[in-house]
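Novice: Submitted below is the structure of interest, expressed as structure tokens.
The values are calculated or read from the model by the stated rules, or taken from the named source; none is laboratory data. Because the structure is a prediction, the values reported are computed rather than measured. Neighbour counts are summed over all protein chains in view; Cβ atoms, including those assigned to glycine, are modelled from backbone coordinates with ideal geometry. Side chains are part of the model used for accessible areas, which takes the heavy atoms of the whole protein and leaves out ligands, DNA and RNA. Shrake-Rupley method; radii C 1.70, N 1.55, O 1.52, S 1.80 Å.
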Amino acid sequence: MSVTTPRGFVAGGLHCGIKASGAPDLALVASVDGAPVAAAGVFTQNLACAGPVQVSKRHLAATGGRAAAVVLNSGNANCATGDDVEVAEQMCALTAKGVGCAGDEVLVCSTGLIGIPLRIGPLESGIAMLAGRLDADGGHSAARAIMTTDTVPKEVIVEGGGWTIGGMAKGAAMLAPNMATMLAVLTTDAAIDADELQPLLTNAVQTSFNRVVVDGCTSTNDTVLVLAGGAAGVPDRDEFGRALEHACRSLALQMARDAEGHTKMVTIVIEQAASSDDAERAARKLAGSLLVKSSFYGADPYWGRVLSDIGTAGVALDVDAVTIAYDDVVVSKGRAPTGADAAVVLQQPEFTLTCRLGAGAASYFVFTNDLSHAYIDENMTTS
């Protein structure tokens, strides 16, 4: 049930006519009685952000962090169309009418192709129909309705001390965010106000969605939202924060494992960096390197490419002390190979590349993938 597992929430999904394929393209998550609850959001830092991002930010600010529903469509990003903000506001108004709340108590998300006008007609009939079908068992259908190039829905449930966090997400490309990754909605029946919820979500995003680097592209629509209904009472703040981070991490990993065209998922770990900033810079440099990603695809433990890219990352390092390892197979120490063969490691569907810079004690990690021909095939056309 994922996003509807916590008490007090209903959801659903259906096809309203946005996707020509007939696949589900409209989802709705709401409080069971249409009453606003505590809410928080983290959004893309892409300056060309879509209308739904602008509207959701505006609504959270207007209500002081309260929301009764989230409406989401897939198949069209509702971005850079000239009327994307207006359409997003119309989606909120239609949803508010359907669930019985104020328009600014609705948050909105869209995902799909950029620059193509989103027709309001299918949404008018679709939202009205969907609002009448919301159900406590509707979380899975909502998760399916937000998929685009995803091959599977992404869902999570985390149990706490008498309370639960549930969530759904979508995302398979344009993953190199400076906030989140594509779309994610989480709910909880824990009682926690927006002032506490926002920093907890921001922190959870930093160690989960913010660690996924698939292709170096940050979407215009990236949004992570959490709604807290309060039916289960007040949680221990630290425990809740850890659980929220765990939920976000699970969804982020599911995205990395479903990345467009990939054959392998790789965790890149930087250790012994001079600072946290250096560690992050080095990790993201490797995750964005086409040469390194190609070597993952070819199952070639070509550590020379790795060392070369670290050397141009603009970070402090002791080249004579640098070590590079695939899982537990150390392939180089300093400027020389060890003679160990890690080819078998790189044939696995998941492995870890660890680089120790010999310059300090800071560390950082990111989740990334290999680069295959299939990624090009998926993204060389908008049709």
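Novice: Given 97/154; 170/285; 57/170; 19/293; 57/285, which pairs have Cα atoms separated by over 23 Å?
Specialist: Violating the 23 Å limit, Cα to Cα: 97/154; 170/285; 19/293; 57/285.
Novice: Find the accessible area per residue for the chain; the probe is 1.4 Å, ligands and nucleic acids are left out, and the unit is Å².
Specialist: 38
Novice: With a 1.4 Å probe and all protein chains left in place, how much of the accessible area of the chain comes from carbon and sulfur atoms, in whole percent?
Specialist: Numbers: 7420 of 14390 Å².
Accessible surface attributable to carbon and sulfur in the chain totals 52 percent.
Novice: Right, another one. Give me the distance between the Cα centres of region 119-160 and region 182-204, rounded to whole Å.
Specialist: Comparing the Cα centres of region 119-160 and region 182-204, I get a distance of 20 Å.
Novice: Separation between the residue 290 and residue 327 pseudo-spin-labels, each 7 Å from Cα along Cα→Cβ, expressed in nm?
Specialist: 3.0
Novice: Convert each backbone phi in region 58-72 into a coupling constant with the Karplus relation 6.51 cos²θ - 1.76 cosθ + 1.60 (shift: θ = phi - 60°), then list the ³J(HN,Hα) values in order as whole Hz, x for Gly and Pro.
Specialist: 4, 5, 4, 5, 5, 9, x, x, 10, 7, 9, 7, 10, 10, 9
Novice: Report the local net charge at residue 308: Lys and Arg +1, Asp and Glu -1, summed over other residues whose C-beta lies under 13 Å from its C-beta.
Specialist: Residues close to residue 308 contribute a combined charge of +2.
Novice: So for region 1-141, Kirkwood radius off the Cα pairs, Stokes-Einstein at 37 °C and 0.692 mPa s: how many µm² s⁻¹?
Specialist: D = 222 µm²/s.
Novice: Across the chain, where is the longest run that never hits trypsin sites (Lys or Arg not before Pro) in a DSSP loop with at most 15 other C-beta atoms within 10 Å?
Specialist: 134-334
Novice: Ok, one more. Here are a few candidate values for mean projected area of the Cα convex hull in nm²: (i) 19.5; (ii) 17.0; (iii) 17.9. Which one was actually calculated from the structure I just gave you?
Specialist: (iii)
Novice: Something else: Taking amide H atoms as placed 1.01 Å from N in the peptide plane, list the residues 5 or more away in sequence, or in a different chain, whose amide H sits under 5 Å from that of residue 219.
Specialist: The list, which skips near neighbours in sequence, is 176, 182.
Novice: Along region 287-300, what does the Karplus equation 6.51 cos²θ - 1.76 cosθ + 1.60 (θ = phi - 60°) give for ³J(HN,Hα), rounded to whole Hz, x for Gly and Pro?
Specialist: Listing the rounded values in order: 5, x, 7, 5, 5, 5, 5, 5, 5, 4, 4, x, 6, 10 Hz.
Novice: Determine, from the Cβ-Cβ distance of residue 207 and residue 35 and an R0 of 56 Å, the FRET efficiency 1/(1 + (r/R0)^6), rounded to the nearest 0.05.
Specialist: In this case the efficiency is close to 0.95.
Novice: Can you compute the modelled spin-label distance between residue 275 and residue 299, with each label point 7 Å from Cα toward Cβ, in nm?
Specialist: Roughly 4.2 nm, to one decimal.
Novice: If I take every Cα pair under 8 Å that is 6 or more residues apart in region 237-366, average their sequence separation and divide by the length, what percent do I get for the relative contact order? Provide the component values of the computation, followed by the final result.
Specialist: Working: 221 pairs, mean separation 47.7, N = 130.
Reported relative contact order: 37 percent.
Novice: Residue separation times 0.36 nm, minus the C-alpha to C-alpha distance between residue 83 and residue 58: what's the value?
Specialist: Using 0.36 nm per residue and subtracting the Cα-Cα distance, I get 7.4 nm.
Novice: For the chain, give the share of DSSP beta bridges that are antiparallel, in percent and rounded to the nearest 5; count only bridges with both residues there.
Specialist: Close to 70 percent.
Novice: For the pair residue 21 and residue 338, what calculated FRET efficiency results from E = 1/(1 + (r/R0)^6), where r is the Cβ-Cβ distance and R0 = 51 Å, to the nearest 0.05? Please report the intermediate quantities before stating the final value.
Specialist: Working: r = 51 Å, r/R0 = 1.00.
My answer for the efficiency is 0.50.
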